[in-house]
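Data first, discussion second: the structure below is written as structure tokens.
FYI, it's all coordinate maths here, none of it is from the lab. Not measured: the values here are computed from a predicted model. Cβ atoms come from the backbone with ideal geometry, glycine included; neighbour counts cover every protein chain shown.
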Amino acid sequence: MTNDLRLKRLQAKLAEANLDGFLVTDATNVTYLTGFTGDESALLVSATQSFLITDSRFTTQVQAEVTNSELVLHTAGLFAKAGELAVAHGLARVGFEAEVLVYADFKRLPAPTEWQPTQNFVATLREVKDDAELALIQKAIEIAEAGYEHVLATIQPGMTEAEVALDLDFYMRKLGASGTSFETIVASGARSAMPHGAATAKVIEEGDVVTLDWGCIYQGYVSDITRTFAVGEPDARIKAIYRVVYACNQGVAELMAPGVTGRQINDFAHGFIDDAGFGQYFGHGTGHGIGLSIHEGPGAWGVYNAVPQVPGNVETDEPGIYLPNVGGVRIEDDLLITETGAKVLTTKAPAEILVVKVK
């Protein structure tokens, strides 16, 4: 799907929402609709026109990246210019991204335009990925999987968590990633019971379980994978919860399909782990959408509980169990919803229990 088609889909929503126009201020949504990757912009869209508002620093970049919107330069601020354009083109009722726009900037939107708050007006368009987006996500996954193979080949007792994370991040960049999807999580030993245990100076010891949560950005699109493994023989309790988490992960993948809601996915995963006796040690959601952002719709969390999945959604499947003072296990895959079910995209990073041999 081209940027032109994405913009047309947004324009088609205006009449349905009784809006004359829409102001996009989320930089990721501006990129999605126009291709512009600069960091200072707003997009004012009417039923027939689109204006990309930025300053003179980005003139050449807009000309190179954007073909579906008219460039408008501002000197007195994005929001003043947006208001000026709205009045000039007769846009009396204009929607804006209430989940993005801070109050101070909202106060800069001038009258007499009626500015209407909306929720996820553009974000919902991004939930269904086209073939070009899927190819970029798959490439981001392939780079991340190659990074995992590199970690398994190099990690040894005596290394710090931070050293492992830095080496992985650099390795993925060498393969073409522009950056990491988020701060790489390397949590070892008892620290693996911290679901978001950012890498520290802790030394990895023989027998430590390691939870690695990582991903990379490739041409704007992200991957997000978690694997848990042991450096040497782990505690028997870790092996026990690993079997539960892995079985839950597989069950979630089998459940995910068109029409299944986030609530059904989350209830299944939490029910599965609760039935195994570990419910109190699983306190987070079961998954989320990925794409241009590391967390986007749909998902098994928050406002997406009642949202049914549709073909083209790309989501994570990430149950976990975290035992205080012992360690934790999380297994996370990226999946594509198809017409008949779910296709696991993270195929080259095995989720089965793995013990790295100590040299």
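Excluding Leu336 itself, what net charge comes from residues whose Cβ is under 10 Å from its Cβ, given Lys and Arg +1 and Asp and Glu -1? With Lys, Arg at +1 and Asp, Glu at -1, the net is 0. Sorted from greatest to least, the principal axis extents spanned by the alpha carbons of the range 224-343 come out as 41, 27, 24 Å. Counting charges near Glu206 (Lys, Arg +1; Asp, Glu -1) among other residues having Cβ under 13 Å from its Cβ returns a value of -2.
For the chain, the alpha-carbon radius of gyration amounts to 1.10 times the rule-of-thumb value 2.2 N^0.38 Å expected for a compact globular protein. The equivalent ellipsoid that matches the C-alpha gyration tensor of the range 173-213 spans semi-axes of 23, 11, 8 angstrom, in descending order. Hydrodynamic analysis of the range 17-56 uses the Kirkwood radius over alpha carbon pairs. Inserted into Stokes-Einstein at 37 °C and 0.692 mPa s, it gives a translational diffusion coefficient of 314 µm²/s.
Of all the options Ala123, Ala146, Ala92, the one that moves most in a Gaussian network model of the chain with Cα springs shorter than 10 angstrom is Ala92.
Per-residue Cβ neighbour counts within 10 Å put Ser50, Ser293, Ser192 in the sequence Ser293, Ser50, Ser192, beginning with the fewest. A helix-only calculation puts the chain at -10000 deg cm²/dmol for mean residue ellipticity at 222 nm, using -39500 (n - 2.57) for each DSSP H run of at least four residues, averaged over all residues.
Whole-Hz Karplus values for the range 266-283 come out as 5, 5, 4, 5, 5, x, 4, 6, 5, 4, 7, x, 10, x, 6, 9, 10, x Hz, taken residue by residue from phi with 6.51 cos²θ - 1.76 cosθ + 1.60 and θ = phi - 60°; glycine and proline positions read x. Net charge in the neighbourhood of Thr54 (other residues with Cβ under 14 Å of its Cβ; Lys, Arg +1, Asp, Glu -1) is -3. Note on the range 3-126: Rg/Rh from Cα positions, Kirkwood definition for Rh, rounded to two decimals, is 0.92.
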